[in-house]
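Here's the structure we're looking at; comments come further down.
The values are calculated or read from the model by the stated rules, or taken from the named source; none is laboratory data. As the structure is a computational prediction, the values presented were derived from the model and not from experiment. Cβ placement follows ideal geometry from the backbone for every residue including glycine, while neighbour counts extend to all protein chains displayed.
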């Protein structure tokens, strides 16, 4: 697993979301800069569409959802909606798979105060939908729990 450099992560909260509230509907937008290698985490009650590059569409959108008596961290990445051929779609899919650990580290470590208020969420399942028009790349994959993505120097 790639290791997140904390100095490369910028975190922004959008009211009414704070470091500890809300749980229901808490949304994360993870984007990045290819040039500087920086990661950007927006936390709010809505996704931060202003951070999304409409041409690249390389963001992770995730939110806490109640499901069958527990919360899940449900996310999605846009692989292809018809504008890319199958070869480019495969490359995008493989890049998303490779970089997903880093994006989930950004959420877990960037919102660590939230997890200190709700430590039971560290054991919630993470499900990410890879959205594509090609069935072999349109998948919902499980990525363990947030606890897996905690830095060793963060204790909750």
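Looking only at region 2-46, residues that are under 18 Å from residue 100 (Cα atoms), in contact with a strand residue (DSSP E or B) (Cβ under 8 Å, 6 or more places away or on another chain) and assigned to a loop (DSSP other than H, G, I, E, B) come to 3 in all. One residue is enough: does region 56-69 have a residue meeting the conditions touching a residue at least 24 places away in the same chain (Cβ under 8 Å), surrounded by fewer than 13 Cβ atoms within 10 Å (Cβ to Cβ) and in a loop (DSSP other than H, G, I, E, B)? Checked region 56-69: no residue is touching a residue at least 24 places away in the same chain (Cβ under 8 Å), surrounded by fewer than 13 Cβ atoms within 10 Å (Cβ to Cβ) and in a loop (DSSP other than H, G, I, E, B).
Set side by side, the residues 139, 105 differ, and just one is modelled with pLDDT of 95 or more and either surrounded by fewer than 17 Cβ atoms within 10 Å (Cβ to Cβ) or farther than 21 Å from residue 29 by Cβ (or both), which is 139.
A single member of 83, 99 is part of a helix (DSSP H, G or I) and modelled with pLDDT under 95, and it is 99.
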